[in-house]
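Trainee: The following block contains the structure, expressed as structure tokens.
The numbers here are math on the coordinates, done by the rules we state, and not lab data. Source: prediction; values computed, not measured. Glycine gets a Cβ as well: all are built from the backbone with ideal geometry, and neighbour counts include every protein chain shown.
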Amino acid sequence: MTPENDAAARYFSAIGAALAGLEIFMRDDRSPLYRHGIVAAIVAEYIARLDKSFACWRNRLGFTQSFRISRAESGFPVYQNLLELENDRRQAGTRLANIPQPDELRAEMADFILRRKEFPEALQKSMAERLYLEDIESENTFGPFILAQTAKVSVNPKTARPYYLVHWATFDGTANLPLVYMVTVEDSSESMVRQLVDRDGRLNEKVDIPLPVDGLLNPELAHRFDDFTEKNSAYALSPATIAVNLDKDFEPLHPKQLRRVVLGPFYSAGITENNSTVTEVLARVRKPENAWLLTWTIQEIYSKGEKPGRKGLFSSEKTTQEFFIDTDDLEAARQGVSSYENHALIPHEAYQALYAAGEAQKIFAGYKVHILSNGQVISDV
């Protein structure tokens with residue numbers, strides 16, 4: 001195995017363990033996400049997509065060497081890799097038609113070995129490409145942008161408006177970070193209120209809503225909402241900016257809460273260079289598969305009240321939200337959020353190494369630390 005292949009194998013092993021550990025954490029009943037079961041389920045869906053993307057990238061290395069990660073910053077793959085995955089998905093059918101079936105390839109490989117007494121590298125690459133294309137054609141991977149879905153519908157008894165929990169995701173091409181968005185938004189459209197709200201101000205049980213629904217539930221606004229989310233999901237935009245833009249751009253939509261989950265950075269010994277202290281200590285971890293650290297941030301902004309709109313003969317103003325930003329917390333104000341949480345997940349052996357080096361307290365200042373040990377996650381250490 002070449003040094004490049006060895007490094008790639010260690011990276012894929014480490015990121016696979018990190019994503020599996022993150023899913024364990026989310027399913028834990030002590031997890032803050034678990035308290036909102038639907039939130040944990042939504043994030044888990046995107047983690048599964050990421051996991052499938054990494055499996056596809058790993059298989060892709062069987063026939064091509066084009067894979068790069070953001071070593072000095074996020075620790076995640078660079079954006080170009082996601083574009084290549086999307087391009088391969090679109091071309092999968094055409095390319096598969098030009099590659100022999102697996103049984104044919106196996107027979108050719110056996111014949112090649114018997115006749116030439118050599119390993120059939122070209123045939124092996126064809127087999128690897130075929131398996132990769134079959135996978136990517138059928139699997140839901142984490143693309144550059146994943147369109148919105150409505151996951152929950154209810155009615156706010158105070159306003160008698162229906163509200164939706166809508167989620168979408170993107171991979172930021174500048175920061176090379178996966179981002180998951182969730183918004184709770186009330187809809188005052190006359191048509192949706194009439195259909196979804198009964199006389200008692202509750203959700204109309206006679207309306208069948210097959211959740212999850214692709215896109216925003218309101219069909220008149222669904223395409224515009226998709227355009228909005230695609231243009232307003234960059235990591236450089238604060239949650240406050242996105243929420244205000246959403247409130248401003250859609251007259252009948254009233255965003256009450258926006259949550260963003262930023263996955264990363266990811267640190268892996270001998271692979272990433274995004275923190276010299278972490279890199280140095282992780283290099284001392286005995287087992288390479290335990291020499292990693294995954295961080296993520298949960299950002300949230302919510303409406304503390306609503307400024308009523310007014311309609312006049314010559315001008316009108318829409319109802320607007322008054323979003324709360326905790327100005328007493330300088331970091332919350334900088335991020336443009338009501339609140340935020342920094343989390344870190346690390347294998348027990350790696351945490352021990354950081355603790356023994358006297359670096360744990362400094363590295364994890366301001367983080368909620370979760371330790372992965374024997375398939376379980378220990379929090380609040």
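Trainee: Using a/c under 1.5 as the rounded threshold, could you call region 57-138 rounded, prolate or oblate? The axes a ≥ b ≥ c are square roots of the C-alpha gyration tensor eigenvalues, and prolate needs a/b larger than b/c, oblate otherwise.
Mentor: Since a/c reaches 1.5 but b/c is at least a/b, the shape of region 57-138 is classed as oblate.
Trainee: In a GNM of the chain with a 10 Å cut-off on Cα contacts, which of 190, 86, 129 has the highest mean-square fluctuation?
Mentor: 190
Trainee: A further question on this structure: Go through region 116-126 residue by residue and turn each phi into a ³J(HN,Hα) via Karplus (6.51, -1.76, 1.60, θ = phi - 60°); whole Hz please, and just put x for glycine and proline.
Mentor: 9, 6, 10, 7, x, 4, 5, 5, 4, 5, 5
Trainee: For residue 367 and residue 283, FRET efficiency with R0 = 22 Å and r from the beta-carbon atoms, rounded to 0.05?
Mentor: Computed FRET efficiency for residue 283 and residue 367 comes out at 0.55.
Trainee: Find how many whole Å separate the alpha carbon centroid of region 314-381 from the alpha carbon centroid of region 167-228.
Mentor: Here the answer is 28 Å between Cα centres.
Trainee: Between residue 273 and residue 333, how many nm apart are label points set 7 Å from Cα along the C-beta direction?
Mentor: Simple spin-label model gives 3.7 nm for this pair.
Trainee: Once amide H atoms are built 1.01 Å from N in the peptide plane, which residues 5 or more positions from residue 76, or in another chain, come under 5 Å H to H?
Mentor: Hits under the 5 Å cutoff: 70, 266.
Trainee: Name the residue, out of 212, 239, 308, whose mean-square fluctuation peaks in a Gaussian network model built on the chain with Cα pairs under 10 Å.
Mentor: The residue with the greatest mean-square fluctuation here is 308.
Trainee: At 222 nm, what value in deg cm²/dmol follows for the chain if DSSP H runs of at least 4 each add -39500 (n - 2.57) and the sum is divided by all its residues, to the nearest 500?
Mentor: Dividing the helical sum by the residues of the chain leaves -13000 deg cm²/dmol.
Trainee: Fully extended, how many nm does the chain gain between residue 147 and residue 191 (0.36 nm per residue separation, minus their Cα-Cα distance)?
Mentor: 13.5 nm
Trainee: Let me ask something additional. If the elastic network links every pair of Cα atoms under 10 Å, which of 319, 279, 184 fluctuates the most in the Gaussian network model of the chain?
Mentor: Taking springs between Cα atoms under 10 Å, the residue moving most is 319.
Trainee: Continuing with the same structure: Any idea what log10 I(q)/I(0) is at q = 0.09 Å⁻¹ for the chain, Debye with uniform C-alpha scatterers and no solvent?
Mentor: The Cα Debye sum returns log10 ratios of -0.63.
Trainee: Which distance in nm do the two modelled labels at residue 248 and residue 111 give, with both placed 7 Å along the Cα-to-Cβ direction?
Mentor: Distance between the two pseudo-spin positions: 6.7 nm.
Trainee: Shifting gears a bit: At a Förster radius of 45 Å, what calculated FRET efficiency corresponds to the Cβ-Cβ distance of residue 357 and residue 125, to the nearest 0.05?
Mentor: After rounding, the FRET efficiency stands at 0.55.
Trainee: What distance in nm separates the simple spin-label points at residue 160 and residue 27, each placed 7 Å from Cα in the Cβ direction?
Mentor: 4.5 nm
Trainee: Quick one: 3J(HN,Hα) in Hz for region 97-103, Karplus 6.51/-1.76/1.60 with θ = phi - 60°, rounded, Gly and Pro as x.
Mentor: 5, 9, 10, x, 5, x, 4
Trainee: Apply the Karplus parameterisation 6.51 cos²θ - 1.76 cosθ + 1.60, with θ equal to phi minus 60°, to every residue of region 344-357 and state each ³J(HN,Hα) to the nearest whole Hz, in sequence, with x for glycine and proline.
Mentor: These are the phi-based 3J(HN,Hα) values: 9, 10, 8, x, 4, 4, 5, 4, 4, 5, 5, 5, 5, 7 Hz.
Trainee: Using the beta-carbon distance between residue 140 and residue 6 and R0 = 41 Å, what value does 1/(1 + (r/R0)^6) give for FRET efficiency, to the nearest 0.05?
Mentor: Once rounded, the FRET efficiency stands at 0.85.
Trainee: Another question, then. Give, rounded to the nearest 20 debye, the magnitude of the charge dipole that the chain has about its Cα centre when Lys and Arg contribute +1 at Cβ and Asp and Glu contribute -1 at Cβ.
Mentor: It works out to roughly 240 debye.
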